[in-house]
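To keep things clear, I will list the structure first and then write my remarks on it.
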Amino acid sequence: MNFINRNEIADGVFFTNIKDSRFKTMKISVNIVVPLSIETASENALVGGLLVRSCKKYPDFTVLSKKLSSLYGADLTSSLSKLGESQVLKISVSGLDDRYSLDDVSIAKELSELLCSVIFEPNVKDNAFIESELEQERRQLLDVIDSEFNEKRIYAMEQLIKHMCKDEVFGTKRYGTAEKIKAATAESLYRAWQNLLKTAKFEILYIGDSPADKAKEVFTKAFANIERNVATSSTDVVKNVSKEKHITEEMELSQSKLVMGFRTQISAGDDEAVAERLMCAVLGGTASSKLFNNVREKQSLCYYCSSAYDSIKGIMYINSGVEGENLEKAEKAILKEIEDMKNGEITDFEIEATKLAVVNSFKSSSDSVSGIENWYTGRIFNGDLETVEEVSAEVNAVTKEQIVNAANKLLLDTVYVLKNK
């Protein structure tokens, strides 16, 4: 990694250049960040997909694909995510780094102009998106909802969040609801798109070896004439539990799901956040973890059992697949492992093996352009631009006492069980 440079090029528009000379490709991603809301999530989700289908300059998918092919086979994609209580629409383009192009053509400039065409000049007519493209995108998004329902591991996790955070914005799914997706119109999506341009925060990341000046210039010019009134986005971190919730749902399925949600009282930006991450990994984040070795392997109570820490929201999840008759035993066994950690029953081997696994996972994330982009997108939402090396050093410096203290802050909030009818 050579250097990282970040500038605000317009009101609420940030351009981050991450220079890395190891790759022949480069990537530019535009993250459109808005407060998550049940009222706007579905229309925003549809807009994100519509923008990469066509634009005014390239009015159908075939013409757009030809343009991408002419740029050494560049790739244009969109994705949708929820980071804390923000909805993030990402539009990315990957292509050949400028130093490998012929005739001194700046691929970065061309791809930046293409992204701006897609974002600022979509294929619209009479203040509405194209009806046929809307129907395709609507069908595709509804298929995503169906697929998540059919994948019970994902469904169970979504249900846990829904019940655990029912009075919080975080309880809203990244794509809103099927009802609102069906109700969206070509006209309402046009208004939603205009609102995004005016109110969203834009995080633009450029990862490559060649200078980012030309790309930065294209985006600066594109935003110069946009009237901006940025909507601030923040995440409410709940640090108490008034009453534990236990929810059971029955369906016809072969394997029951047990999902548990804990308030950690620690979130990104807190001094204890690194220790919390490591504590979660010691508990159930690696092949040497307590949940894997004790609950799954030794006691054979689960098909899988792992933990994950959402540092932005300050929640830890434990996710397991269990035979119906073992549900109660598995829950008690999981809680015992947490209680043991609170009492300091953690070996030096568990800590060192986990540190090694966590640091290796960090390093592997920087083995590709997309991995680097994902790393720094996460760091931006965590409120810093620390490198892999810097965060790895923080992880290695965590003590057993800090891990025990982090474990003692865990508060069980919700247990969700999906079992066979």
Matching residues in the stretch 375-400 - criterion: being among the hydroxyl-bearing types (Ser, Thr, Tyr) and closer than 14 Å to residue 14 by Cα: 376, 377
Among the residues listed as 63, 88, 93, the single one being among the hydrophobic types (A, V, I, L, M, F, W, C), more than 30 Å from residue 169 (Cβ to Cβ), modelled with pLDDT of 95 or more and assigned by TED's automatic domain parsing to the domain that holds residue 180: 93
Residue 73, sole failed condition from (1) over 25 Å from residue 220 (Cβ atoms); (2) at pLDDT below 95; (3) in contact with an Asp or Glu (Cβ under 8 Å, 6 or more places away or on another chain): (3)
Members of the stretch 198-222 that are touching an Asp or Glu at 6+ places or on another chain (Cβ under 8 Å) and either assigned by TED's automatic domain parsing to the domain that holds residue 376 or β-branched (Val, Ile, Thr) (or both): 207, 218
Flag if residue 306 is open to solvent by 30 Å² or more (accessible area, probe 1.4 Å), touching a Ser or Thr at 6+ places or on another chain (Cβ under 8 Å) and free of Cβ contacts under 8 Å to residues at least 40 places away in the same chain: yes
Candidates 229, 195 - the one that is closer than 29 Å to residue 374 by Cα and loosely packed, with under 14 Cβ neighbours inside 10 Å: 229
Those residues of the stretch 199-209 which are under 18 Å from residue 373 (Cα atoms) and either in a strand (DSSP E or B) or open to solvent by less than 10 Å² (accessible area, probe 1.4 Å) (or both), in sequence order: 201, 202, 203, 204, 205, 206, 207, 208
Those residues of the stretch 280-301 which are open to solvent by less than 70 Å² (accessible area, probe 1.4 Å) and among the basic types (Lys, Arg), in sequence order: 290
Sole residue being farther than 24 Å from residue 210 by Cβ and either surrounded by 13 or more Cβ atoms within 10 Å (Cβ to Cβ) or not assigned by TED's automatic domain parsing to the domain that holds residue 209 (or both), chosen from 76, 80, 71: 80
Unique residue being farther than 30 Å from residue 162 by Cβ, in contact with a strand residue (DSSP E or B) (Cβ under 8 Å, 6 or more places away or on another chain) and open to solvent by less than 10 Å² (accessible area, probe 1.4 Å) when the list is 416, 376: 376
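Quick grid of which residues meet (1) surrounded by fewer than 22 Cβ atoms within 10 Å (Cβ to Cβ); (2) assigned to a strand (DSSP E or B):
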site: 7; (1), (2): yes, yes
site: 29; (1), (2): no, yes
site: 44; (1), (2): no, no
site: 50; (1), (2): no, no
site: 63; (1), (2): yes, no
Matching residues, the stretch 10-44, being of a type in the set (Gly, Ala, Ser) and in contact with a helix residue (DSSP H, G or I) (Cβ under 6 Å, 6 or more places away or on another chain): 10, 29, 42
Subset of the stretch 382-396 (residues that are among the small types (Gly, Ala, Ser), open to solvent by 50 Å² or more (accessible area, probe 1.4 Å) and in contact (Cβ under 8 Å) with a residue 12 or more places away in the chain): 383
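The values are calculated or read from the model by the stated rules, or taken from the named source; none is laboratory data. Source: prediction; values computed, not measured. Here Cβ is always computed from backbone atoms with ideal geometry, including for glycine, and neighbour counts include all displayed protein chains. These accessible areas exclude ligands, DNA and RNA; they are computed on the full protein's heavy atoms, side chains included. Shrake-Rupley method; radii C 1.70, N 1.55, O 1.52, S 1.80 Å.
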